[in-house]
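The values are calculated or read from the model by the stated rules, or taken from the named source; none is laboratory data. No experiment lies behind these values; they were computed from the predicted model shown. Neighbour counts run over all protein chains shown; Cβ positions are idealised from the backbone, glycine included. Heavy atoms of the whole protein, side chains included, go into the accessibility calculation; ligands, DNA and RNA do not. Shrake-Rupley method; radii C 1.70, N 1.55, O 1.52, S 1.80 Å.
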Amino acid sequence: MRWVRVHTHYDIWAANGPAPTFCITSDDDGEAFIEIAKTPELLFRPVSDTNDLWNCYFSQAGSSDGSVAAETINIVNGRADYTLPQAVWEQMRSVASNTQPELQGLYYRVRARPSAASSEAYISHTDGQIQAGQVPFINVIPLSGDLRTETPVPDTAAVQQLDWFSKIMLAVIQLLPDSDPGRSALNTMLTHPTYEGQSSPRIRAQMLKLFVYAGGNGRQLMEKLLDMRVAVGSRTDGSQMTEPALFYRDERNEGTTLDHLLATWNIRLDKRIPLAMSEVIYEVMQELVDPPGQVNQGAAGTCAATSIQTYTIIRNPAEYARWCRYILDVNANHRVQLANGDWMRSNPEAFDTATWQNTSSTASGNFLLAIGRTYSERGIQAAVMDYANFRLSYNPETDRFQSWLGQVVGSGLFFFEISRALEAIFNQSWVGEFGGGNNGHTNNPQAANDLITHFNQGGLPCVIGMSWGGGAHAVLGLRVENDRIIFKNPQYRGSLPFTGYADGTNLNNPTRRIHDVSRSEESMSLNDLRAVIWGFCRESSAPSDLGYTLAEIPLHLRASVNPTT
């Protein structure tokens, strides 16, 4: 055992609702004990209080008045779900009556050990972390009215199809002040055209359920998720017919973006992913609504896989949500079936941040491999790397390929491997146009000219390979604009760029310029492109013959593909 974590699935709790449930995760099995207190300092300095015998509760000792016996929580397969005893909850929920919001919380942490006989002890939050304010808490909400669980929102038909807990949470949110972000986000969703325009009560119920299960951060993304639209055809007058991206279906027709986001709630997370399910859903939502701002390769050599990942989100958000649902799931063996019928699997070592940060390997950037990437990003990039290179096995811990004999054989993907992955993902032919030597790693000015023609004819984004800083790099080409090629550089998040990066900043090796730092978009002149390009991968159909059109890209992303739309 190296670590233990604890979290609740919901960030707020109703004082007159059921006792809260905690999820405890660890990298190994063992025994755990939860500690809950009305103030943070009571966790590391418990003080007897004759006026409040319930100022804290430590499960290893039981309640201070002896009414609740000591409890041992068993961690099995790296996880334990623990519900606070009702007797404890009835006493400690009194924090909701405090007039100061900071006193309306219950603070908690967990201790664990491999076995009862073990002298080893692990803790989720140290005394020092708590003193520094790094301690989780449940916000216990005082309610000014009754929980209207039968009518939490003015949509009776949808509410009738909700699970009991979703009704409770919606009822709680509705009783929050109008200024509360969750209440505001719910009101926005209920009046959004995507919600109001959905005729199916079942699907509206799914949208309400996603709002609940996405947690506090995810709820703030619901409006952007509802805004996303995908074109599904053209009218006789040439105008586009669109549908919400939430209702778009994946490449295997298994379900919609909404279906897969909700299904993620019920997966069994790998024990190396110490997140609440709401946090997992939030991460996936974050990638869907803002791939330029979020999706990146970190310090790993997964530039091509990251570009493929970004393209998949742009092309079909439901397909990406489906990937996340399966790649993160232990019960699915971290495998997802692609459109062509092949299986793509992620090595679960991709989720092991602790291993990466403590490794003694000298592989480039090894200790930083996890930085800046979500768990879904790490898992999917590792899966794409492993599938694309069908001859070798990708080890995400070292960011290197290995032969079946264990020999380390470099990293990165060649053009034919990139094409192989894209063809499988979309079950459609792709063309790799690249130089002739060293698996395409030679300058190819003609590829630049063909790429320019591709974009001028309305072509979709494509993966471009070029010489970069003395090595190789893959980016996602987006468009040609004002005699410059615009591309997404997967090396950083647009929401957290490198120090000194700003719009208009000139960069070297190769010569290029920051175009839109918030979207990690860079550009270079067409002549500079001709000097460094090795090749690119595009769909084999001519733009006019594609089975889909440029308009099928989610509307909120389309400006990054063709500025004239």
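Overview of results
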quantity	calculated
Two-decimal ratio, the range 23-91, of alpha-carbon radius of gyration to 2.2 N^0.38 Å	1.18
Sites MET241 and ARG202, calculated FRET efficiency, Cβ-Cβ separation with R0 22 Å, nearest 0.05	0.45
Relative packing of 317-329, 451-463, which averages over residues the other C-beta atoms within 10 Å, highest first	317-329, 451-463
Lysines whose Cα lies under 29 Å from that of LYS209, excluding same-chain neighbours fewer than 8 positions away	LYS167, LYS224, LYS271
The range 232-334 - Debye-derived log10 I(q)/I(0), Cα point model, q = 0.15, 0.17, 0.23, 0.24 Å⁻¹	-0.67, -0.83, -1.32, -1.38
Relative contact order (%) - the range 11-130, alpha-carbon pairs under 8 angstrom, separation at least six	35 percent
Shape of the range 53-191, Cα gyration tensor, a/c cut at 1.5	prolate
Relative packing of 520-531, 82-93, which averages over residues the other C-beta atoms within 10 Å, highest first	520-531, 82-93
Estimated inter-spin distance, ALA157 and ASN506, nm [label 7 Å along Cα→Cβ]	6.2 nm
At R0 = 41 Å, FRET efficiency that the Cβ-Cβ distance of SER525 and ASN253 yields, to 0.05	0.45
Carbon + sulfur, % of accessible area of the range 170-212 - ligands and nucleic acids excluded, 1.4 Å	50 percent
Pairwise centroid distance, computed over Cα atoms, of the range 489-523 with the range 1-62, Å	44 Å
FRET efficiency, 1/(1 + (r/R0)^6) with R0 35 Å, evaluated for ASN217 and ALA70 via beta carbons	0.50
Accessible area per residue in Å² at 1.4 Å probe, computed on the chain	40 Å²
Per-residue [θ]222 nm for the chain (sum of -39500 (n - 2.57) over DSSP H runs n ≥ 4, rounded to 500)	-8500 deg cm²/dmol
Near-label residues of the range 269-304 by backbone N, under 17 Å of a point 7 Å along Cα→Cβ of ALA332	269-273, 277-288
Relative contact order of the chain, pairs being alpha-carbon contacts under 8 Å that are 6 or more residues apart, as %	11 percent
Length added when fully stretched, SER403-THR453, from 0.36 nm per residue minus Cα-Cα	14.1 nm
Spherically averaged projected area of the chain from its Cα convex hull (nm²)	28.6 nm²
Percent carbon-and-sulfur accessible area, the range 1-121, ignoring ligands, DNA and RNA, probe 1.4 Å	47 percent
Set of the range 95-124 residues, backbone N closer than 13 Å to the point 7 Å along the Cα-Cβ line of ARG79	none
Between the range 279-305 and the range 82-118, the Cα center-to-center distance that results, in Å	34 Å
